[in-house]
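Engineer: Mind looking over this structure? Questions follow.
The values are calculated or read from the model by the stated rules, or taken from the named source; none is laboratory data. All values reported here derive from a predicted model rather than from experimental measurement. Glycine gets a Cβ as well: all are built from the backbone with ideal geometry, and neighbour counts include every protein chain shown.
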Amino acid sequence: MKNTMLLAVGALISMNTVAWAQYGYGGYPYGGYGYGGFGGAGTAFSANSMGMASVIRATGQYQKDHVQASIAWDDEVRKLQAERLEQRNAYLDMQHKKAIADGQANRERLDARKQAALARRNSDQFPDSLRPSEFDPETGKIAWPVLLQRNMFDETRNATEAQINQWISSKKSGQPFDIYGLSATVDSMRTVLKTLIQTVPTGEYLGSRNFLDRLDQTIQLSGSRPPVAGN
């Protein structure tokens, strides 16, 4: 009887040991080796296989996410480049239109000044263009009145002479010339002259003013060509 009980106890212990080993409390599962234990797995091989499968799935997901992120980044770069190209083209188009508008405005302004000069000449408000003794259309040499030779006129007088020389050269080379700029320089000489209206003899002031008016008349009537000496 005693021997029978000992055999039963031993059998019971053996059954419990096998059960513990199957559910991760004695064998390879739960911290075994390789890719880790997966408690409940039947063998160490199946546990390792499950761990390897998880690593492979994780690696594949990472690669997929990386590819998708790269595609999204390339799309953003292409979109940004397209936007910048569109902005640049719009800017260049605006500058082109502005240049055309400015050129048209300058032509209209010059035409208006020329028509005004013609109207003044026809109505005898202004005298004729400069005489040969006052201006040489071949060399550009100008015989300035004494008053306009003062030091206070040096800057504007030298600028006018330089532009006159460029004007004559443009006729020989066939290049365009900014007549409006030359006329504006003559206007600046008038501005300086006005500061002397109360300090110089009236005849000297009027003679210098008349000279500048006829110089401007010559410029306006000549359009884009160098002036032609009058009689």
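Engineer: Residues that are buried (at least 21 other Cβ atoms within 10 Å of the Cβ) and closer than 20 Å to Glu108 by Cα: does the stretch 174-181 have at least one?
Structural biologist: There is at least one residue in the stretch 174-181 that is buried (at least 21 other Cβ atoms within 10 Å of the Cβ) and closer than 20 Å to Glu108 by Cα.
Every residue, every condition in (1) at pLDDT below 80; (2) more than 36 Å from the chain's Cα centre (by Cα); (3) outside any helix (DSSP H, G or I), yes or no:
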{"position": "Met50", "(1), (2), (3)": "yes, yes, no"}
{"position": "Gln63", "(1), (2), (3)": "no, yes, no"}
{"position": "Glu76", "(1), (2), (3)": "no, no, no"}
{"position": "Arg84", "(1), (2), (3)": "no, no, no"}
{"position": "Asn89", "(1), (2), (3)": "no, no, no"}
{"position": "Asp93", "(1), (2), (3)": "no, no, no"}
{"position": "Ile100", "(1), (2), (3)": "no, no, no"}
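Engineer: Within the group Leu110, Leu118, Leu148, Leu130, which residue is at pLDDT below 85 and in the same structural domain as Ile197 (by TED's automatic domain parsing)? Talk me through it step by step, then tell me what you get.
Structural biologist: Working: Leu110 fails: in the same structural domain as Ile197 (by TED's automatic domain parsing); Leu118 fails: in the same structural domain as Ile197 (by TED's automatic domain parsing); Leu148 fails: at pLDDT below 85.
When all the criteria are applied, what remains is Leu130.
Engineer: Mind counting the residues in the stretch 193-231 that are modelled with pLDDT of 90 or more, buried (at least 18 other Cβ atoms within 10 Å of the Cβ) and either among the small types (Gly, Ala, Ser) or touching a Gly at 6+ places or on another chain (Cβ under 9 Å) (or both)?
Structural biologist: Qualifying residue count for the region: 1.
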